[in-house]
Protein chains: 2
Amino acid sequence: MDSFTRLSRRPSLADDVSQKLSRMILEGDLAAGEQLPTEQSLAESFGVARTVVREAVSRLKHDGLVDSRQGVGAFVAEPSARSAFRISPACFEKRQKLLEILQLRTGITSEAAGLAALHRSDADIGFMEKSYRNMESSLLAGDEGTEKHLLAERAFYQRIAEASGNQYIKEFLSMLDTRIDMELRSVAIKNARVTEWSSEVLSEHMAVLEAIRRQDENAASQAVRYHYTLAAQRLADRADLADT
Amino acid sequence: MDSFTRLSRRPSLADDVSQKLSRMILEGDLAAGEQLPTEQSLAESFGVARTVVREAVSRLKHDGLVDSRQGVGAFVAEPSARSAFRISPACFEKRQKLLEILQLRTGITSEAAGLAALHRSDADIGFMEKSYRNMESSLLAGDEGTEKHLLAERAFYQRIAEASGNQYIKEFLSMLDTRIDMELRSVAIKNARVTEWSSEVLSEHMAVLEAIRRQDENAASQAVRYHYTLAAQRLADRADLADT
DNA sequence: AAAAACAGGTTGTCAGACAACATGGAGACA
DNA sequence: TGTCTCCATGTTGTCTGACAACCTGTTTTT
């Protein structure tokens, strides 16, 4: 694996069109039950070929955002028809929305911790201890250790999700964590560098580890909730998004 | 709205191809990093036009299952690149998988209840009381009331998700509940008709309502967890799926 | 009045062409 | 021998045009 990541490629036209259309639906510009313009008309409006529009609309259909009928047209579906959960860019544009997605993560991670307390192995504990020590030692490296610290923290909680023994919890958290880490990367880096609360954060992790070690379901769940609730506040404060 | 639903239409070829390809990826027949056959080759294998394959692959790209590079080919992505959470058909094929998706639902609904206890309005309580009464009275109607009972139960918990004040919890639960209700419909109907535990189930709902009424976050969370854990067992037992 | 046929419009699929990108190999040159 | 450039080949991304299949509303036939 290269130490440099491949430069990101331009999004395809289908990427652009599907993003614009789903945005219009999710923000209410196109209401449930409303008919989309015809494919030909969309192709003209976006200045692309009809096949590009079809690829984009195919994505929306797959997500349950749109329902098409041959010969009639495509219609915006009711929200209850949704068949995929995606982390919308809107999550990272307003403070309240950010707190809500972080709250969802807190709930599921808390659930994972409770389950991990019931199902964890000695190997899980060993791995978590190692990750904890990595978090600890990377703090001593100052700014240079920030990357390592964030990686160790991520590994710690990822292991908890695995120890939950629930595939879907694990997958969902993987998706959530990856996206949140990506969107809030610079924020998290700044927070990890604040020395005035780093020992407090470490003790939050330690409380999680100890609760899982002694297989105390409720304590594990509460410890994660405590840490993640504070972490969410810290992230939202640092991100400094508009309020509404 | 007609009292009869429109007959379901045949899935499109793109529906079929995307379902088959994603199945191959999710079941490990195509491993992360592995290259997919070329679009032309897939078109020939599936006996469809290349544009159909492109529409199907466009969906997989949108889900983060596949990453394509112009001029090179499409590759199965690492699981961490996933950008959507979908409820796979696999959830309903094996007992353990069913219990896991139900457990995920339990966790999030429990979280929603805790938040609802903090944020609920008098109108929320009023609505939940009405739904509770509907559950109660529909039980007296015997088999004829089963539909009403399930609707009232769904409305009760949907209101809790709304009262949580968290858009993403609400959306995620809407997706989960809709799908689970659809897949386990006949199972849930049979369970709703078992009179020997119906009063016990009603008291589980009442415990949820009372905890939210008195704004006791932990009691609400625990009451939902209690009900949903038992309900998951009942559903899984009745569904009688293979073990592995 | 009811049923059948027709016209027009839209989505679903197909086929073919070319642009844009990527990779590997051959040849030229220092 | 090592490095650089160019070319050939292969693949995805986009475009165009055509027709099948479906749907709806109107007109014609019974």
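Bear in mind these aren't lab numbers, they're just calculated from the coordinates by the rules spelled out. Every value quoted in this text rests on a predicted model; they were computed, and no experiment measured them. Glycine also receives a Cβ, built like all others from the backbone with ideal geometry; neighbour counts cover every protein chain displayed.
In the calculated pair-distance distribution of chain B, the portion above 26 angstrom amounts to 51 percent of the Cα-Cα pairs. The orientation-averaged projected area of the convex hull spanned by the Cα atoms of region B:153-229 comes to 5.2 nm².
Approximating the spin labels as points 7 Å out from Cα along Cα→Cβ, the A:Ala141-to-A:Ala32 distance works out to 5.0 nm. Ranked from shortest, the separations from the 7 Å Cα-to-Cβ label point of A:Glu144 to its equivalents in the other copies are 8.1 nm.
Could you pull out the pairs from B:Lys94/B:Lys148; A:Lys20/B:Lys170; B:Lys20/B:Lys94; A:Lys61/B:Lys20 whose alpha carbons sit more than 26 Å apart here?
On the way: B:Lys94/B:Lys148 29 Å; A:Lys20/B:Lys170 24 Å; B:Lys20/B:Lys94 19 Å; A:Lys61/B:Lys20 17 Å.
Among B:Lys94/B:Lys148; A:Lys20/B:Lys170; B:Lys20/B:Lys94; A:Lys61/B:Lys20, the Cα-Cα distance tops 26 Å for B:Lys94/B:Lys148.
For chain A, the longest principal axis of the alpha carbon atoms and the long axis of helix A:146-163 meet at an angle near 80°. Once divided by 2.2 N^0.38 Å, the Cα radius of gyration of region B:36-118 becomes 1.56.
Take chain B and mark each of the GluC sites (Glu not before Pro) that is in a DSSP loop with at most 15 other Cβ atoms within 10 Å; the longest unmarked stretch, sites excluded, is B:94-244. Placing a label point 7 Å from Cα along the Cα-to-Cβ axis, B:Ala242 is separated from the same position in the other copies by 5.4 nm, shortest listed first. In the elastic network of chain A, a GNM with C-alpha springs shorter than 10 Å, the most mobile of A:Phe127, A:Phe92, A:Phe156 is A:Phe127. For the residues B:Ala74, B:Ala220, B:Ala113, a GNM of chain B with alpha-carbon springs under 10 Å puts the largest fluctuation on B:Ala74.
Provide the net charge surrounding B:Arg59, with neighbours chosen by a C-beta distance below 11 Å and charges set as Lys +1, Arg +1, Asp -1, Glu -1. Can you show the working numbers first?
Details: positive: A:Arg59, A:Lys61, B:Arg54, B:Lys61, B:Arg86; negative: A:Glu55, A:Asp63, B:Asp15, B:Glu55, B:Asp63.
Result for the neighbourhood of B:Arg59: 0.
For region B:215-231, backbone phi angles converted through the Karplus equation (6.51, -1.76, 1.60; θ = phi - 60°) give residue-by-residue couplings of 6, 9, 4, 5, 5, 4, 4, 5, 5, 5, 4, 4, 4, 5, 5, 5, 4 Hz, Gly and Pro being listed as x. Here B:Arg213 yields copy-to-copy label distances, from shortest upward, of 4.5 nm, the label point defined as 7 Å from Cα along Cα to C-beta.
Against chain A, whose longest principal axis comes from its Cα atoms, helix A:95-119 is set at around 50 degrees. Inter-part distance, region B:185-215 to region A:68-128, computed on C-alpha centroids, equals 26 Å.
Taking the 0 to 90 degree range and rounding to the nearest ten, how far is the long axis of helix A:13-26 tilted relative to the main principal axis of chain A, both from C-alpha atoms? Helix A:13-26 sits at roughly 80 degrees to that axis. Overall shape of region B:1-144 was characterised from the C-alpha gyration tensor. The equivalent ellipsoid obtained from it has semi-axes of 42, 21, 15 Å, in decreasing order.
With no solvent and one point per C-alpha, what does the Debye sum give as log10 I(q)/I(0) for the protein assembly as shown at q = 0.09, 0.12 Å⁻¹? With no solvent term, the Cα-only Debye profile gives -0.69, -1.24.
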